[in-house]
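Chemist: Right, I'll just put the structure down here and ask away after.
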Amino acid sequence: MKKTRVILLVVASGMVAILYFLPKAVVENDSQLQTETPAPDSATAAASPHRAAPKAIRNGINRLRARYLTGTSEEKNAIFADSLIGLYQQAGLYDSAAWFAQRADAFFKTKESLLKAGNATYEAYTFAVERDKQRSLAEKTRELFDKVLQLDPGNLEAKTKSAMTYLSSESPMTGIKMLREVVEQDPKNELALFNMGMLAVQSGQYGRAVDWFEKLLAVNPNHLQGNLLLGVAWMNQGEKEKARQQFEKVKKMDSDPAVQATVDSYLQELK
């Protein structure tokens, strides 16, 4: 299975970096924020961490970041930070989104801001390439989601994402155990079912992957990534006809060129 063909489809569902690495983030720490000035749309923009983002997003980031850097009101800075989260995510700069989400939560201190910070940090973790950064983001993600779970023990999304961070740690079985607990508590939890199937594919346990993805699709027949990876599991099981039918189904589900190219590459392998 070629990683480049499935990454576009699976990463949005919470795929962790130990499965598919894709460098997208540029860290902005305290020292950078204290010294950095917004880069204009000119030749100097080549040095801007969000140079690949659309112009409207770049302008929004520059404007709000300038206000954040020069602001004196903690409340206004927290509002600016909260607004920057979405813009940085649109720009594909997930480390920066996480940084500002944590700053906003430090002021608001609500369950909502805490959950937003946890989700943003988890997203940065899924895109981390360097092992040290990956571990650091994993620890921060767990710290934030632990606080969420203290406030809301029934938040299975937080528990599932926290579980996934253990897979790049020295205690991966802790994460597997947590995922199984989520499924036991909620047999229809799509995120947990998908991640269990994903992990089965990654570890070459294609029979188990088929079982997990079939359970997922019984809950949500239109889960694009689940449908795709069920085809991948069938293909690696040697069930070519089942895989072909599954890939043809995915082609009908989404006309996006990236999806079509991904599926076509698998169908080509089946010839």
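The values are calculated or read from the model by the stated rules, or taken from the named source; none is laboratory data. Please read these numbers as outputs of a predicted model, since none were measured by experiment. Glycine gets a Cβ as well: all are built from the backbone with ideal geometry, and neighbour counts include every protein chain shown.
Chemist: Which one of these is free of Cβ contacts under 8 Å to residues at least 60 places away in the same chain, of a type outside the set (D, E), surrounded by fewer than 20 Cβ atoms within 10 Å (Cβ to Cβ) and farther than 30 Å from N155 by Cα: P257, P187, P221? Explain how you work it out, then say what you get.
Modeler: Numbers: P187 fails: farther than 30 Å from N155 by Cα; P221 fails: farther than 30 Å from N155 by Cα.
Selected residue: P257, the only one of P257, P187, P221 that is free of Cβ contacts under 8 Å to residues at least 60 places away in the same chain, of a type outside the set (D, E), surrounded by fewer than 20 Cβ atoms within 10 Å (Cβ to Cβ) and farther than 30 Å from N155 by Cα.
So that you can scan it fast, the table gives a plain yes or no per residue for (1) at pLDDT below 95; (2) of a type outside the set (D, E); (3) surrounded by fewer than 24 Cβ atoms within 10 Å (Cβ to Cβ); (4) part of a loop (DSSP other than H, G, I, E, B):
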site	(1), (2), (3), (4)
F100	no, yes, no, no
S113	no, yes, yes, no
G118	no, yes, no, no
Y122	no, yes, no, no
V129	yes, yes, yes, yes
D132	yes, no, yes, no
K140	no, yes, yes, no
A158	no, yes, no, no
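Chemist: Cβ-Cβ distance below 8 Å, separation of 6 or more or different chains: which pairs start in the stretch 135-161 with a residue that is in contact (Cβ under 8 Å) with a residue 24 or more places away in the chain and end on one that is crowded, with 22+ Cβ neighbours inside 10 Å and basic (K, R)?
Modeler: Cβ pairs passing all conditions: T141/K161; F145/K159; F145/K161.
Chemist: Scan the stretch 64-98 for residues that are over 23 Å from V129 (Cα atoms) and either in contact with a strand residue (DSSP E or B) (Cβ under 9 Å, 6 or more places away or on another chain) or in a loop (DSSP other than H, G, I, E, B) (or both) and jot them down.
Modeler: Those that are over 23 Å from V129 (Cα atoms) and either in contact with a strand residue (DSSP E or B) (Cβ under 9 Å, 6 or more places away or on another chain) or in a loop (DSSP other than H, G, I, E, B) (or both): G71, T72, S73.
Chemist: Of a type in the set (D, E), within 18 Å of the chain's Cα centre (by Cα) and in a helix (DSSP H, G or I) - does that describe any residue in the stretch 206-216? Spell out how you get there, then give the answer.
Modeler: Residues of the stretch 206-216 of a type in the set (D, E): 211, 214.
Filter once more, keeping what is within 18 Å of the chain's Cα centre (by Cα): none.
No, that holds for no residue.
Chemist: Right, next: In the stretch 243-258, what residues are assigned to a helix (DSSP H, G or I) and among the small types (G, A, S)?
Modeler: The first filter runs over the stretch 243-258 and keeps only residues assigned to a helix (DSSP H, G or I), leaving 243-253, 257-258.
A243, A258 - these are the residues of the stretch 243-258 that are assigned to a helix (DSSP H, G or I) and among the small types (G, A, S).
Chemist: For the stretch 118-134, name all the residues that are touching a residue at least 60 places away in the same chain (Cβ under 8 Å) and of a type outside the set (S, T, N, Q). Reasoning before the result, please.
Modeler: Residues of the stretch 118-134 that are touching a residue at least 60 places away in the same chain (Cβ under 8 Å), as a first pass: 122, 124-129, 133-134.
Once the filter is applied, which keeps residues that are touching a residue at least 60 places away in the same chain (Cβ under 8 Å) and of a type outside the set (S, T, N, Q), the stretch 118-134 yields Y122, A124, Y125, F127, A128, V129, K133.
Chemist: Going by the structure shown, is K109 at pLDDT 90 or above and on the phi > 0 side of the Ramachandran plot?
Modeler: Answer is yes for this residue.
Chemist: Mind telling me which of the residues M173, M196 ends up being free of Cβ contacts under 8 Å to residues at least 12 places away in the same chain and in contact with a Phe, Trp or Tyr (Cβ under 9 Å, 6 or more places away or on another chain)?
Modeler: M173
Chemist: Of the residues in the stretch 58-96, how many are over 19 Å from T141 (Cβ atoms) and aromatic (F, W, Y)?
Modeler: So the answer is 2.
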